[in-house]
1. I'd like the isolated cysteines in the chain, meaning no second cysteine's beta-carbon lies under 4.7 angstrom from theirs.
2. Starting from the Cα of residue 168, step 7 Å along the direction of its Cβ; do the same at residue 375; then give the gap between the two resulting points in nm.
3. Using alpha carbons only, how many degrees (0 to 90, rounded to 10) separate the axis of helix 268-279 from the longest principal axis of the chain?
4. What ranking do 30-43, 91-104 get when scored by the average of other Cβ atoms within 10 Å per residue, highest first?
5. With N residues in the range 155-304, what two-decimal value do you get for its Cα radius of gyration over 2.2 N^0.38 Å?
6. Kindly write out, for the range 224-237 in residue order, the coupling ³J(HN,Hα) from the Karplus curve 6.51 cos²θ - 1.76 cosθ + 1.60 (θ = phi - 60°), rounded to whole Hz, with x marking Gly and Pro.
7. Which whole-number percentage describes the relative contact order of the range 4-385, with Cα contacts under 8 Å and a sequence gap of 6 or more?
8. Under a crude label model (7 Å from the Cα following the beta-carbon direction), how far is residue 276 from residue 5 in nanometres?
Amino acid sequence: MVSKNQHHKEKLDQLFQHTVRKRTGGQLISCVEKGDGSFRWSSADGPAVDSSPADENTPFFIASIDKLLNAALLIQLAKEGLVALDNPFSIYLPSSFSNRLHVYKGEDYTDRITVRHLLTHTSGLADWYEDYPKDGKNLVEEIIKQGDRYLELTELLDYVRNRLTPNFPPQPVAAFIKDKGQKKRIKTRYTDTGFMLICAILEEVTGQKLEELHHSRIYEPLGMKHTWMLDRTQPAAETAKPLGLLASGRAIEIPKALRSVWGVYSTCADMITFLKALYAGELFQKSESWEWMFSGWHTFGFPSDRASVRLPGWPIAYSHGAMKFRLPRLFTPLKGMPEIVGHTGSTGCWLFYCPQLDLYMCGAADDMTAGALPFRYVPAMLKLLQ
């Protein structure tokens, strides 16, 4: 008789192969692990950059999963008294960074944007990564077409300031969280600009490079020996070559741009180690720090423009650097999808924990056009494992 675990593994294998066959480029890594260690499954397809076959230990670019890491660092510093979440972000950075960064309908809202606004995507700031200027392609499309180059943070902020338009004024997120939600939905729009500013704040208030903070406060304490920041640090132990980065299945090389935005590479095992520690509160000395990251959820709106189609939207909810996702019962009429928390990245990578099933899930396609993949693939996995 086939055991329940073996049955689950066979079903996951079938889903994995079906997903790979449908994807242009064909590369994918996927891992699932039960919190108590009673179940573990992984599969991989495609080559690493050295042409060796990918496996569960192949590193990948974690893209915006790093928002979980940087949010955890910021909350640590908040509890140490180095940052106050409801202070204007501008007091922690040189004035050249913040000057007229958010001018909406002729009014400058920049000094009303708090650190909490940046953490929760409620600032209304334009997104340097996805938003389009009126006069052409967005910045990432320009880099892919014209060639890799370094991007100074001041250049990114000038691009936001001079070529993009804010989406709305900063929202009253502090009151929303204090009152445990309001009847009126709070406007929320994903923006990488906010988290670039958070990275700058982390360096400014500590006097340390972000890569140093990652290693000393996260990687080393948790034993994450196969995680590093591209062209800034090296993994602590011998590590396999990573997946190559794709765009619509075509190989691209943009290491200068990735270095500019503090790009992190890691493995499924290291990422699951991190999420286990984060969700258990091991990275925080006080319980309320955990509550900051996993409470005060507010839902993204529906896509309303060309760029927002590629950004996280309804029914995804966000807190302080963490996502929460569950398909509405309308889409799962026979059995409701259990809730998951964690984060995804625009390159089709994901890191999630499902409390109801005690399951950790991590994986990546490393394709810049695969941002929606986790929101189809992960629910399909959960359906098989319920």
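Bear in mind that the values in this text are calculations on the coordinates, not laboratory data. Bear in mind the structure is a predicted one, so any value in this text is a computation, not a measurement. Glycine gets a Cβ as well: all are built from the backbone with ideal geometry, and neighbour counts include every protein chain shown.
1. Those would be 199, 349, 354, since no other cysteine Cβ in the chain comes under 4.7 Å of theirs.
2. According to this spin-label approximation, the distance is 1.7 nm.
3. For helix 268-279, the angle is close to 60 degrees.
4. 30-43, 91-104
5. Values: Rg = 18.4 Å, N = 150, 2.2 N^0.38 = 14.8 Å.
Normalised by 2.2 N^0.38 Å, the Cα Rg of the range 155-304 equals 1.24.
6. Computed from phi, the couplings for the range 224-237 are 8, 8, 10, 10, 7, 9, 3, 6, 10, 9, 10, x, 6, 9 Hz.
7. Numbers: 719 pairs, mean separation 88.8, N = 382.
It rounds to 23 percent for the range 4-385.
8. 1.5
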